[in-house]
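What follows is calculated from the coordinates using simple rules that are stated; it is not laboratory data. For clarity, every value in this text was computed on a predicted model and none was experimentally measured. Cβ sites come from the backbone with ideal geometry, for glycine too, and all protein chains shown count toward neighbours.
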Amino acid sequence: MKVREIAAVLERLAPPSLAADWDNVGLLIGDGRSEVNSLMLCIDLTESVLAEAARVKARMIMAYHPVLFQPARRLTAADVPVAYSAAAGGFAVYSMHTALDVAPGGTNDVLAEVLGIRETRPIEPLVRPGGYKLAVFTPAEDLAAIADAAFGAGAGTIGSYERCSFFTHGIGTFRGLAGSRPTVGQPGRQEATEELRLEMVVPKERVAGVCAAVRGAHGYESPAIDIYPVAEAPAGIGMGRVGRLPRPVAAGTLIKRIKQRAGLKRVLFAPAGGKAGRLVSVAACAAGSCGAIYKAAIGAGATFYLTGEMRHHDALAAAAAGLDVVCLGHSNSERMTLRRLAERLRRELPKLGVALARMDRDPFEIV
C-alpha cells in the first residue's frame with residue numbers, strides 16, 4: 001500500500017483543515033509514492049520508537065505530535081535528530097495532532113468517554129474561514145439570467161445542495177457622470193429604481209470567474225458587486241467536550257473511574273474551594289495543554305474539568321471559581337485515542353498492519 005493512500009485515510013478521519021493555525025499536520029517526512037505494509041502509531045516519535053518501528057518493519061509512523069513543529073533551517077542530526085533519523089532511514093511520518101483533537105471521534109471524544117459524559121458538544125466550537133459571499137444588485141427581470149451565470153461559474157453550493165441563493169427587494173440610487181450610458185434614467189440626473197439584492201456563497205478559487213460571469217450577464221454598464229469573506233462553524237467540531245453525566249456522581253468516585261479507564265494509578269486533583277466530595281452533574285474535558293480554556297468550561301456549565309496539564313495559577317483560579325480540575329499528564333490524556341484510531345484504521349485498511357508503539361510513553365513519572 002502506498003503512503004499517499006494511507007495519508008488519504010488519515011486526512012479523511014481528521015482533515016488537516018481542522019488543525020489550529022499554529023500547528024503542523026499532515027505528511028511531514030517521506031514519499032507518498034513509497035510502498036509500506038505496516039503503520040505504527042505513537043504520541044511522540046523518539047529514537048526508541050523509531051528503533052522499534054525498524055524492528056517490526058513499520059515503514060510509516062503516525063506520530064500524533066509533529067516531529068517537525070517549528071520551521072527547520074537545517075536537516076541535520078544535530079538540529080533535528082529524530083526527523084533526520086526518520087528521513088535517513090526512509091520512514092514516512094504523518095502527524096494528526098489538533099486536527100484529531102477537534103474531529104468527531106477523535107482525541108477529545110475518546111476522553112469524553114473516559115469521563116462518561118453524554119450529549120457532548122465542543123467547549124470551544126471551531127470557527128474558520130468559509131470562503132466568500134457575493135452580493136449583486138439587479139433589476140428583477142435580470143435576476144434569473146444573472147443567477148444562472150453565477151451558478152454556472154461555481155457559485156451557490158452549500159454542502160449537498162447547489163444553486164443556493166437569497167434575494168431581497170430594495171431601492172437603488174445613482175447619478176450617471178458625463179459619458180455614462182445608464183440602463184435606467186439619464187446621465188447627470190439623480191435616479192432611484194427598484195432592484196433586488198442577490199446573494200450566494202462562492203469558493204475562494206471561483207471568485208474571479210463568478211464575478212466575470214455576473215458582469216457578462218448583467219444589463220448595467222457598471223454593476224455593483226460586493227465580495228466579502230465569511231466564516232463557518234461546523235456542527236459538533238471544536239476543542240474540548242462538555243456534557244452531562246447519566247446521573248450525579250461524587251467527584252471522588254468520578255476520579256476513581258477516570259484512573260481505571262485511563263490506566264493510571266495517580267492523577268493531579270485541584271478540588272474546588274479546596275474541598276472534595278461534592279456531586280458532579282456537568283463535566284468537561286480537553287486533552288493536552290488545554291488548561292487555559294477552563295473559563296470556557298465554566299461558561300458551558302461544567303463543575304468538573306479533565307485535562308492533560310494546567311498552569312499553577314490557572315489551577316488556583318479554576319478551583320476558586322468552583323471548578324474541580326483533574327490533570328492526567330499531557331500525553332496521558334492523548335495516548336488513549338491511539339487505540340481507537342488503530343481500530344478505525346484496521347476497518348478502513350484491512351490489508352495494512354497497524355501497531356501501537358510499545359516504547360511510546362509520557363516523559364514524566366510520579367515516583
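Observations, loosely collected:
- Fluctuation leader among GLY89, GLY156, GLY179 - the chain, Gaussian network, Cα springs under 10 angstrom: GLY179
- Within a Gaussian network of the chain (alpha carbon springs, distance under 10 Å), most fluctuating of ALA300, ALA320, ALA58: ALA320
- Calculated FRET efficiency for the pair LEU177/LYS133, C-beta based, R₀ 25 Å, to 0.05: 0.30
- Helix-only mean residue ellipticity at 222 nm for the chain, each DSSP H run of n ≥ 4 adding -39500 (n - 2.57), per residue, nearest 500: -8500 deg cm²/dmol
- Distance from segment 250-271 to segment 41-103 (C-alpha centre basis), Å: 31 Å
- Calculated FRET efficiency, ALA292 to LEU264, Cβ-Cβ distance, R0 = 22 Å: about 0.45 to the nearest 0.05.
- Neighbourhood net charge (13 Å Cβ-Cβ; Lys/Arg +1, Asp/Glu -1) for VAL93: -1
- Summary of packing: across the peptides 192-204, 333-345, the per-residue average of other C-beta atoms within 10 Å ranks them, highest first, as 333-345, 192-204.
- Between segment 327-367 and segment 131-175, the alpha-carbon centres lie 49 Å apart.
- Calculated P(r) of segment 236-367 - Cα pairs past 17 Å, %: 61 percent
- Calculated FRET value between GLU119 and ARG347, using beta carbons and R₀ = 35 Å, to 0.05: 0.85
- Cα lying deepest toward the dipole's positive end in segment 128-232, options TYR220, LEU177, ALA147, charges on Cβ: LEU177
- Diffusion of segment 1-89 by Stokes-Einstein, at 20 °C in a medium of 1.002 mPa s and with Rh set to the Kirkwood radius over alpha-carbon pairs, works out to 156 µm²/s.
- GNM result for the chain, Cα springs below 10 Å: residue of VAL280, VAL82, VAL56 fluctuating most strongly: VAL56
- Principal-axis tilt of helix 251-262 within the chain, Cα atoms, nearest 10 degrees: 90 degrees
- Each of ASP314, ASP79, ASP324 was scored by other Cβ atoms within 10 Å of its Cβ. Arranged with the fewest first, they read ASP79, ASP314, ASP324.
- Applying D = kT/(6 pi eta Rh) to segment 128-232, where Rh is the Kirkwood radius over alpha-carbon pairs, T corresponds to 10 °C and eta to 1.306 mPa s, the Stokes-Einstein value obtained is 110 µm²/s.
- Debye equation applied to the C-alpha atoms of the chain, log10 I(q)/I(0) at 0.07, 0.11, 0.13, 0.14 Å⁻¹: -0.47, -0.85, -1.01, -1.09
- C-alpha long axis of helix 207-217 to longest principal axis of the chain, angle in °: 20 degrees
- Highest mean packing comes first when the peptides 256-268, 24-36 are listed by Cβ atoms within 10 Å, giving 24-36, 256-268.
- Between 0 and 90 degrees, the angle of helix 332-348 with respect to the longest Cα principal axis of the chain falls at about 70 degrees.
- Rg and Dmax of segment 62-131, Cα atoms only, in Å: 17.0, 48
- Per-peptide average of other Cβ atoms within 10 Å, ordering 284-290, 13-19 highest first: 284-290, 13-19
- Between GLN70 and ARG197, the modelled labels are 4.8 nm apart [label points 7 Å from Cα along Cα→Cβ].
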